[in-house]
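Here the structure comes first, spelled out in structure tokens, and everything after it is commentary.
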Amino acid sequence: QVVLVESGGGLVQAGGSLRLSCAASGRTLSSLTMGWFRQAPEKEREFVSAISRGSGTTAYADSVQGRFIISRDNAKNTVYLQMNSLKSDDAAVYYCAARDGKILVRTRNAYDYWGQGTQVTVSS
């Protein structure tokens, strides 16, 4: 069983930055492909970014490409999402997710484990 705990959310002004963290327990991070998703009120949960196990290949949604950076620290069993140049549209609950497969996927149903989410609020 994998347990994921997100942290780092909060209130930030538009144009500012936040770094989200996701600490994994129950499995070593290196054996998992990790993803970040987000869900705004009355909207579907959407893919944000992912990083594969092994090679560390990354993928981003078009809406965050060039502004967000995903990374992982296997020694700390933690994955990060650095969010820069935040916009009001980025406000949402951000979820960390993990899957056993090594292939990067953007589909939420492909992920086996989920955190409880952390709120990101962007003020204009």
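Computed quantities for the displayed model
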| quantity | calculated |
| --- | --- |
| Unique residue being modelled with pLDDT under 95 and touching a strand residue (DSSP E or B) at 6+ places or on another chain (Cβ under 6 Å) when the list is Arg53, Arg27 | Arg53 |
| Members of segment 108-124 that are in a loop (DSSP other than H, G, I, E, B) and either in contact with a helix residue (DSSP H, G or I) (Cβ under 7 Å, 6 or more places away or on another chain) or open to solvent by less than 80 Å² (accessible area, probe 1.4 Å) (or both) | Tyr111, Gly115, Gly117, Ser124 |
| Odd one out for Val79 among (1) open to solvent by less than 80 Å² (accessible area, probe 1.4 Å); (2) hydrophobic (A, V, I, L, M, F, W, C); (3) over 21 Å from Gly15 (Cβ atoms); (4) not in a strand (DSSP E or B) | (4) |
| Count of residues meeting criterion [crowded, with 18+ Cβ neighbours inside 10 Å and either polar (S, T, N, Q) or not in a strand (DSSP E or B) (or both)] in segment 87-101 | 2 |
| Matching entry among Ser88, Ser123 (being small (Gly, Ala, Ser), over 16 Å from Glu44 (Cβ atoms), touching a Ser or Thr at 6+ places or on another chain (Cβ under 6 Å) and in contact (Cβ under 8 Å) with a residue 40 or more places away in the chain) | Ser88 |
| Strands (runs of 3 or more DSSP E) contained entirely in segment 9-50, each with at least 2 residues that are polar (S, T, N, Q) and open to solvent by 20 Å² or more (accessible area, probe 1.4 Å) | 18-25 |
| Residues satisfying the stated conditions in segment 61-76, i.e. in a loop (DSSP other than H, G, I, E, B) and without any contact (Cβ under 8 Å) to a residue 24 or more places away in the chain | Asp62, Gln65, Gly66, Arg67, Ala75 |
| Output for segment 100-124, where each listed residue is closer than 17 Å to Arg27 by Cβ and under 13 Å from the mean Cα position of the chain (by Cα) | Tyr111, Tyr113, Trp114, Gly115 |
| Yes/no for Ala75 being among the hydrophobic types (A, V, I, L, M, F, W, C) and more than 16 Å from Val120 (Cα to Cα) | yes |
| Residues located in segment 51-60, provided they are in a loop (DSSP other than H, G, I, E, B) and open to solvent by 10 Å² or more (accessible area, probe 1.4 Å) | Arg53, Gly54, Ser55, Gly56, Thr57 |
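The values are calculated or read from the model by the stated rules, or taken from the named source; none is laboratory data. Every value quoted in this text rests on a predicted model; they were computed, and no experiment measured them. So basically every Cβ, Gly included, is an ideal-geometry build from the backbone, and we count neighbours across all protein chains shown. Surface areas here come from the heavy atoms of the whole protein model, side chains and all, with no ligands, DNA or RNA. Shrake-Rupley method; radii C 1.70, N 1.55, O 1.52, S 1.80 Å.
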